[in-house]
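Written below as structure tokens is the structure these notes are about.
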Amino acid sequence: MEKQSKIRHLPFLTAFNRAQRRYGLDMKQDEFIEEGYNVWREIGNQAPVLTRFFTKVPEDFIIELPPGCEFIEGVMIINEPARDTTFDSEGKKDRVLPAYISADNEPSINQSLETSKYGKSVNYVLAGDNAIKITSADALYRDIMVVYRSILVNEDDGLPLLNDKEVAAIAAEVTRREVMRQAFQNVAKKADLLKFISVEADRLMAAAKIDEYINDDAIDQIMDIKTSFDRKVYGRRYNPLN
């Protein structure tokens, strides 16, 4: 988790308790978890932890991903010899730089874990439930870095941890869906309540899609994007946050 002011710390069932207290939701806990999990995924903030690992591309080109991997941010070749390219009357010349100034795995101070200073993006496809297959044939046996995002879960129940706004949004949205279900069964008695909870849920769902806090680091990254830009180079990974 990079440069975030506040981690998710609330158990998933906090939203269930909120829905019961605030909206009088009458629903079994298991039913709430099933519906609430769908709502949580729709919010879109489900994988806040950024992690990376290093490996070599094997003969079958299949890379097994760690447990809990939710999204692949990027796959890059690393540890390539640094080259100094010059041009003269004889054309292009590439000179391999000494080892002491060659590329390494570590980003500079203000770069994201997604960055490899001299890394090149590698093409891949998803393979099975928890693996990827490298489709760049030239990557065979070369060192690569895989950057991925994973979910923060509660060790006690295995359910996702939430922030305050997600708790509020899930409680309201699950209530709206339950009221809507009941409204179809008895329109006359539920219409006014459905109108109220629809407005409430829309507001909270929209709010939950935005991080709780924008800290100084995030503002600095936004200003870097706004005030500076370098051209995308063919075949090189471009990350606007670096």
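Could you give me the residue pairs with C-beta distances under 7 Å whose first residue belongs to the range 191-203 and is in the same structural domain as V167 (by TED's automatic domain parsing), whose second residue is small (G, A, S) wherever it lies, and which are 6+ apart or on separate chains?
A191/A183; L194/A183; I197/A172; E200/A172; A201/A172
Take the conditions under 30 Å from M145 (Cα atoms) and surrounded by fewer than 17 Cβ atoms within 10 Å (Cβ to Cβ) and apply them to I7. Does it pass?
Here the answer is yes, as I7 does meet what is asked.
Looking at S150, S116, S112, which is the one that is at pLDDT below 65 and under 14 Å from E73 (Cα atoms)?
S116
Would you call I63 on the phi < 0 side of the Ramachandran plot, touching a helix residue (DSSP H, G or I) at 6+ places or on another chain (Cβ under 6 Å) and either crowded, with 19+ Cβ neighbours inside 10 Å or of a type in the set (F, W, Y) (or both)?
No.
Each row is one residue, and each column tells you yes or no for (1) of a type in the set (S, T, Y); (2) out of contact with any Phe, Trp or Tyr (no Cβ under 9 Å at 6 or more places or on another chain); (3) modelled with pLDDT of 85 or more; (4) within 21 Å of V147 (Cα to Cα).
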site	(1), (2), (3), (4)
M1	no, yes, no, yes
T14	yes, yes, yes, no
N17	no, yes, yes, no
D26	no, yes, yes, no
E34	no, yes, yes, no
V39	no, yes, yes, no
G44	no, yes, no, yes
R52	no, no, yes, yes
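Could you grab me the full set of residues in the range 47-77 that are of a type in the set (A, V, I, L, M, F, W, C) and under 13 Å from L140 (Cα atoms)?
Within the range 47-77, V57, F61, I62, I63, M76, I77 meet the criteria.
For the range 34-51, name all the residues that are in a helix (DSSP H, G or I) and surrounded by fewer than 19 Cβ atoms within 10 Å (Cβ to Cβ).
Across the range 34-51, the qualifying residues are E34, E35, Y37, N38, R41, E42.
Would you mind stating whether F229 is of a type outside the set (V, I, T), surrounded by fewer than 17 Cβ atoms within 10 Å (Cβ to Cβ), modelled with pLDDT of 70 or more and more than 19 Å from the chain's Cα centre (by Cα)?
So F229 does not fit the description; no.
The values are calculated or read from the model by the stated rules, or taken from the named source; none is laboratory data. No experiment lies behind these values; they were computed from the predicted model shown. Cβ atoms come from the backbone with ideal geometry, glycine included; neighbour counts cover every protein chain shown.
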